[in-house]
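Student: Just dropping this structure here.
Since every read-out is calculated from the coordinates, none of them should be taken as a lab result. Because the structure is a prediction, the values reported are computed rather than measured. Ideal geometry is used to build each Cβ from the backbone, glycine not excepted, and the neighbour counts take in all protein chains shown.
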Amino acid sequence: MRLRKPLPRPRRVPFRACREQFRSRLRRDDRGSSVVELAVLAPGFLMIIMLIVQFGLWFNARQAALAAAQAGAQVAREDAATTAAWPGLAEQASSSYYNTLNTSLLSSLKATASGNPANQVFVTVSGPMGYSVFNFFGIKWTITETAGGPVECFRPAGAAGACG
């Protein structure tokens with residue numbers, strides 16, 4: 001039977017040299033740093049992406065509400081001088097225009113006509129957003145847009161300034 005030769009006894013390294021060797025190994029070893037960086041930066045990137053999507057939804061809903069308000073304002077400007085029921089007609093025009101868009105960006109729509117039928121008329125469309133990326137925060141987004149302008153009036157030459 002052959003005996004093994006005993007292993008050589010490790011050299012005793014002074015504490016200072018051991019500490020320097022350990023520090024240099026720590027400086028060189030960056031295994032796993034990419035995973036840590038991803039874990040730190042990923043929530044921020046996801047939040048930025050969610051904000052971009054939310055901005056797109058808000059902007060699109062705002063444009064739809066403004067278009068509906070402009071459609072109602074056009075009817076209000078045409079009918080305010082001649083028809084006493086112009087507010088109802090303008091509100092109905094706004095609602096029907098929004099319904100023809102076939103979108104659910106606003107979960108409900110409220111159109112309100114106001115103004116002086118002799119001078120200026122306005123239609124305000126408002127409603128809560130139907131979609132939100134941040135529903136888990138309980139944020140309620142409300143869109144309000146107003147459109148209006150001067151009342152259009154045809155004045156015949158012999159009417160002495162009255163709308164005809």
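Student: Quick one: length gained pulling residue 41 to residue 21 fully straight, 0.36 nm per residue minus the C-alpha distance?
Tutor: 4.0 nm
Student: While we're looking at this one, here's another question. If you take the Cα atoms of the stretch 62-159, find Rg, then find the Kirkwood Rh from the mean of 1/r over all pairs, what is Rg/Rh?
Tutor: Radius of gyration over Kirkwood radius for the stretch 62-159 works out to 1.12.
Student: Find, among the chymotrypsin sites (Phe, Trp or Tyr not before Pro) in the stretch 85-159, those assigned to loop by DSSP (not H, G, I, E, B) with at most 11 other beta-carbon atoms within 10 angstrom.
Tutor: Within the stretch 85-159, the qualifying chymotrypsin sites (Phe, Trp or Tyr not before Pro) (loop, at most 11 other Cβ atoms within 10 Å) are 154.
Student: Please go through the stretch 48-149 and write out the GluC sites (Glu not before Pro) that DSSP classes as loop and that have at most 11 other C-beta atoms within 10 Å.
Tutor: Working: sites: 78, 91, 145; in loops: none.
Filter output for the stretch 48-149: empty list.
Student: Output the peptides 146-153, 33-40, 101-108, 60-67 sorted from most to least packed, where packing is the average of other Cβ atoms within 10 Å over each peptide's residues.
Tutor: 60-67, 146-153, 101-108, 33-40
Student: So, one more: In the stretch 37-93, which chymotrypsin sites (Phe, Trp or Tyr not before Pro) fall in coil by DSSP and have 16 or fewer other Cβ atoms within 10 Å? Spell out each step's value before the answer.
Tutor: Numbers: sites: 45, 55, 58, 59; in loops: none.
Listed in order of number, the matching sites amount to none.
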